[in-house]
1. Out of the residues in the stretch 48-65 meeting the condition of being over 16 Å from G217 (Cα atoms) and touching a Gly at 6+ places or on another chain (Cβ under 9 Å), tell me which one is modelled with the lowest pLDDT.
2. Any residue in the stretch 97-114 that is touching a residue at least 40 places away in the same chain (Cβ under 8 Å), outside any helix (DSSP H, G or I) and not hydroxyl-bearing (S, T, Y)?
3. Can you report the number of residues in the stretch 145-166 which are more than 16 Å from the chain's Cα centre (by Cα), in a helix (DSSP H, G or I) and not aromatic (F, W, Y)?
4. Tell me, which residue of the stretch 198-253 that is polar (S, T, N, Q), part of a helix (DSSP H, G or I) and free of Cβ contacts under 8 Å to residues at least 40 places away in the same chain is farthest from C104 (Cα to Cα)?
5. Could you tell me which numbered condition E91 fails, if it satisfies all but one of (1) part of a helix (DSSP H, G or I); (2) in contact (Cβ under 8 Å) with a residue 24 or more places away in the chain?
6. Let me confirm something: among T184, T247, which residue is out of contact with any Ser or Thr (no Cβ under 7 Å at 6 or more places or on another chain), more than 18 Å from T70 (Cβ to Cβ) and β-branched (V, I, T)?
7. Which of the following residues is buried (at least 17 other Cβ atoms within 10 Å of the Cβ), closer than 27 Å to R126 by Cα and not β-branched (V, I, T): A49, A111?
8. Could you list, in sequence order, all residues of the stretch 167-189 that are in a loop (DSSP other than H, G, I, E, B) and either touching a residue at least 24 places away in the same chain (Cβ under 8 Å) or farther than 30 Å from M47 by Cα (or both)?
Amino acid sequence: MNYHAIRAIYIFEMGRAFRTLLQSIVSPVISTSLYFVVFGGAVGSHMAAIDGVSYGAFIVPGLTMLSVLTLSVANASFGIYFPRFAGTIYEILSAPASAFEIVCGYVGAAASKSILIGVIILITARCFVPFDIAHPFWMAAFLILTAVSFSLFGFIIGVWADGFEKLQLVPLLIVTPLTFLGGTFYSIDMLPPFWRTLTLANPVVYLISGFRWSFFGTADVGVGLSLAMTLGFLLLCLALITWIFRTGYRLRA
C-alpha cells in the first residue's frame, strides 16, 4: 500500500477546502442554519410533535443528511473532474499509485470534508433546538457510511462529466430533489398510502430514516433495512469505480 500517494492526494484536496474556507465550510453551515431558523423556529413552533419529537428537533437529522449528501457529491465530483479538465490526470495515473489508492485519496478527502460539515451543523443546530442522540455510535456510523457512499457516487459523476454543466446536472436534478422528497422535513407515515409506497422507491428515504433513528429511536423504515440499503449503494459505487479503472472509461481517452 502506497500511503504516501494517498496522503499526498488527501492533503492536497483538504488544503483546497481550507483555502476556500468561506465557500467550502462557512457557506453551507450558514445556509443550513437559515433552515433551522425558518422551519425549526418560525414554522416548527406552530406544528405538532412528530412521534413525540418537536418539529424543530425532528428536522435536524434530515437537514444534516441534506448537507452531507450534496457536499459529498460536489466535493468528490469536482476533485476528480478538475485534474481531467486540466490534463493532470495523466500524471496521477502514471504515478506509482494503484486505482484503490487514488480513490482512497480523493474519496477520503471528500468524505472528511462532508463529515466535518455535518458535525459543525449538528453543533450549530444545538444552538437553535434542544435534542439528544439516543445512539451515538450508529449516528456516527450512518454519517460516515453516507459520506463515503455519496463521495464514491460523486467520484463517478466527476469521471462521467465532460463539462461543468454535466458536473452539476445530477446533483441539481436528481440528488437534491430526492433528498427533499426523502423525508427531510416530514415523516413519510404522514403521506397517503399510495404516495408512501411510491416514496419507498426513493433510496434517500432509507438514509435519512436510519440517521433519524440514531437520534430519536423512531424511524419510517426498519434500521436494518436502512443500513442494508446504505451498504448496498456503497458496494454498487465501488463496483462501478472498479469497472471505470479497468476499462479506462473517460480517464485515458
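The values are calculated or read from the model by the stated rules, or taken from the named source; none is laboratory data. Here the structure is a predicted model, which means the values were calculated and not measured. Cβ coordinates were reconstructed from backbone atoms using ideal geometry, including for glycine residues, and neighbour counts include every protein chain displayed.
1. G56
2. yes
3. 3
4. T199
5. That leaves (2) as the condition not met.
6. That would be T247, the only listed residue that is out of contact with any Ser or Thr (no Cβ under 7 Å at 6 or more places or on another chain), more than 18 Å from T70 (Cβ to Cβ) and β-branched (V, I, T).
7. Details: A49 fails: buried (at least 17 other Cβ atoms within 10 Å of the Cβ).
The match here is A111.
8. Scanning the stretch 167-189 gives G182, G183, T184, F185, Y186, S187.
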